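Undergrad: My questions all concern the structure below.
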Amino acid sequence: MRHSIYAKFILSYILFGLMCILFMNMWSTKRVKEQITYDAAATLYNTGTLILNNYIPADLTALDEENTSALDEAAMLNNNIVWIIDTKGTILYNSDKKNSLSQVSNFDITSFGNSYYITGDFFGHFSEKKVSVVVPVVSDFETQGYILLHKDMVAINQSSKHQVHVIYMTFIAIFGFSLIILLIFNFVVFMPLNKISAAAREYAKGNFKYDGLKKFTDEDEIGRLGVSLNYMASRLDDMEEDEKKFISNISHDFRSPLTSMKGYIEAMKDGTIPYEAQGKYLDIVLFETERLTKLTQNLLSLNSWDNKTMRLNLSTFNLYDFIKPILATFEGKCEKKNINIDLTLGSKDYYVNADQSKIQQVVYNLLDNAVKFSHNDSTIYVKIIDKNDKIFISVKDEGIGIPKESLNKIWDRFYKTDLSRGKDKTGTGLGLSIVKEMVQAHGENINVISTEGVGTKFVFTLKRVKK
């Protein structure tokens, strides 16, 4: 059986209230009664001390009518029963005229222990419980007897009940006011979590366009959770669209050369293309075959990177000696478009520790894109500089640029901007994906800055080493 957080919270809240009531009943009630009894006993002891100092002669046997009359007034004023007994328990004075008790049987001063009061029926002499306080009468360092003051526990019990009642009422009021916490929890936590839960179920069904979390803001943790979940759904929706584009692109990139190859081969087979012209079309078939081979190799390469099975063959090499041969391979392409490559190095002594063949492929792909999308009679800027322990390698062109909405997608496999499709007839759309994978495999980053119609700049880093 499933239980919601709200139900668990309510249950915890009720259990907390019950435990508080149980605690008050078992501890607070007892503690309040003990404290009130202690306070009453202290008051009785003070009264007994006043009686001792003002009305009791040094010799208890000298108690006279004047003393007893004063004692009667003191007892009546404080509404207490006052006894004066000798050490043997004989009652020398009793303020309770209704009780003619003359001897306290079984009296034992040690029953008081370290305290000056006890509660109960005082050795069976009272039918109701009382708090009894003893004040020793000492003369010449010898105990002559005791002043005993008795007070009904009824008043003490009523006072303790009143105090406990106040405590209970205070707790009930606090507990009632704490219901506000439940309301706050309901509106601030439970209802938003319900919306997030409903949204998660919709996303699990594949409904990434569900808009139940649009009103969430990042003002608190739950709001940020809702915003993050909403962003995740939008990204998943984009991924679903990208997946469709991926399948469409790969189908197109495989189908086009296969269709072309099939058409030329059938034309040669049925004689539509004469024998003497077949060489030209065989070259086209060979070109398409090589393009398919390149496409397949790139896919396998990316798959290897994904599975972390491809290892880096690290070595230390000089970037100046490394970059020159790569630039030389583009002389032919650059001459056709009258493009100039401007190389700037902060130093000819830059050394890095990396996989030389992989970094060569990174630089080659970036230069190939730069040449491909540059205008005629323009310049490509290759710049290598250092900062702290990093080497920054940048390739900047003055070409058509990349639309702003496409900048975050250029690293996706098979992604080609609409502008690039017009100029890139042979590209597979995997070059930049491979570039990013290779750079990140070295633990480094690659970034792009581009303005449509102005140009594009790619920058990646490598860790510099000293040699």
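The values are calculated or read from the model by the stated rules, or taken from the named source; none is laboratory data. The structure presented is a predicted model; accordingly, all values stated were derived computationally and were not measured. In this analysis, Cβ positions are derived from the backbone assuming ideal geometry, glycine residues included, and neighbour counts consider all displayed protein chains. Remember, those area values only see protein heavy atoms, side chains included, never the ligands or the DNA or RNA. Shrake-Rupley method; radii C 1.70, N 1.55, O 1.52, S 1.80 Å.
Undergrad: Having 1 or more residues that are closer than 30 Å to SER197 by Cβ is the bar; report the helices (runs of 4 or more DSSP H) wholly within the range 1-95 that clear it. Working first, answer last.
TA: Numbers: elements: 5-23, 29-55, 65-78.
Hits in the range 1-95: 5-23.
Undergrad: Could you check the range 1-37 and list, in sequence order, the residues that are open to solvent by 80 Å² or more (accessible area, probe 1.4 Å) and either touching a Ser or Thr at 6+ places or on another chain (Cβ under 7 Å) or touching a residue at least 24 places away in the same chain (Cβ under 8 Å) (or both)? Give the steps one after another, and end with the answer.
TA: The initial filter retains those residues of the range 1-37 that are open to solvent by 80 Å² or more (accessible area, probe 1.4 Å), namely 1-3, 5, 8, 11, 14-16, 18-19, 22-23, 25-27, 30-31, 33-34.
Correct list: ILE5, LYS33.
Undergrad: When only residues in the range 147-166 that are surrounded by 14 or more Cβ atoms within 10 Å (Cβ to Cβ) and among the hydrophobic types (A, V, I, L, M, F, W, C) count, which is farthest from ALA58 (Cα to Cα)?
TA: Applying the filter and picking the extreme gives VAL164.
Undergrad: Determine the pairs where a residue that is within 16 Å of ILE85 (Cα to Cα) and at pLDDT 85 or above, located within the range 104-119, has a partner that is open to solvent by 50 Å² or more (accessible area, probe 1.4 Å) and not in a strand (DSSP E or B) with Cβ atoms under 6 Å apart, the partner being 6 or more residues away or on another chain.
TA: So the pair list comes out as TYR116/TYR45.
Undergrad: Next question, about the same structure. Can you name the number of the only condition in (1) under 24 Å from ALA62 (Cα atoms); (2) without any contact (Cβ under 8 Å) to a residue 60 or more places away in the chain; (3) open to solvent by 40 Å² or more (accessible area, probe 1.4 Å) that GLN144 fails?
TA: (2)
Undergrad: So which residues in the range 147-167 are farther than 13 Å from ASN79 by Cβ, assigned to a helix (DSSP H, G or I) and among the aliphatic types (A, V, I, L, M), if there are any at all?
TA: If the condition is that a residue be farther than 13 Å from ASN79 by Cβ, assigned to a helix (DSSP H, G or I) and among the aliphatic types (A, V, I, L, M), then MET153, VAL164, VAL166, ILE167 are the ones that fit.
Undergrad: With respect to the numbered conditions (1) under 60 Å from the mean Cα position of the chain (by Cα); (2) over 29 Å from TRP27 (Cβ atoms), which one is the sole condition not fulfilled by VAL82?
TA: If we test VAL82 against (1) under 60 Å from the mean Cα position of the chain (by Cα); (2) over 29 Å from TRP27 (Cβ atoms), just (1) comes out false.
Undergrad: Follow-up question, since we're still on this one. I'm checking my understanding of the structure. Among residues of the range 67-86 that are at pLDDT 85 or above and of a type in the set (Val, Ile, Thr), which one is surrounded by the most Cβ atoms within 10 Å (Cβ to Cβ)?
TA: By that ranking, first place goes to ILE84.
Undergrad: I would also like to ask the following. Restricting the range 244-285 to residues that are modelled with pLDDT of 75 or more and in contact with a Phe, Trp or Tyr (Cβ under 7 Å, 6 or more places away or on another chain), which is surrounded by the fewest Cβ atoms within 10 Å (Cβ to Cβ)?
TA: Within the range 244-285, the match that is surrounded by the fewest Cβ atoms within 10 Å (Cβ to Cβ) is ILE284.
Undergrad: Modelled with pLDDT under 80, outside any helix (DSSP H, G or I) and of a type outside the set (Asp, Glu): is that true of LYS215 in this structure?
TA: yes
Undergrad: Just the residues that are on the phi > 0 side of the Ramachandran plot and either polar (S, T, N, Q) or at pLDDT below 90 (or both), please, taken from the range 374-432.
TA: Result: ASN388, GLY401, PHE414, GLY429.
Undergrad: Mind checking which residues of the range 117-141 are open to solvent by 30 Å² or more (accessible area, probe 1.4 Å) and within 60 Å of the chain's Cα centre (by Cα)?
TA: TYR117, ILE118, THR119, LYS129
Undergrad: For the range 191-211, which positions are surrounded by 16 or more Cβ atoms within 10 Å (Cβ to Cβ) and within 13 Å of GLY223 (Cα to Cα)?
TA: Of everything in the range 191-211, those that are surrounded by 16 or more Cβ atoms within 10 Å (Cβ to Cβ) and within 13 Å of GLY223 (Cα to Cα) turn out to be PRO192, LEU193, LYS195, ILE196.
Undergrad: Given (1) under 21 Å from MET24 (Cα atoms); (2) open to solvent by 50 Å² or more (accessible area, probe 1.4 Å); (3) of a type in the set (A, V, I, L, M), where does ALA173 come up short, assuming only one miss?
TA: (2)
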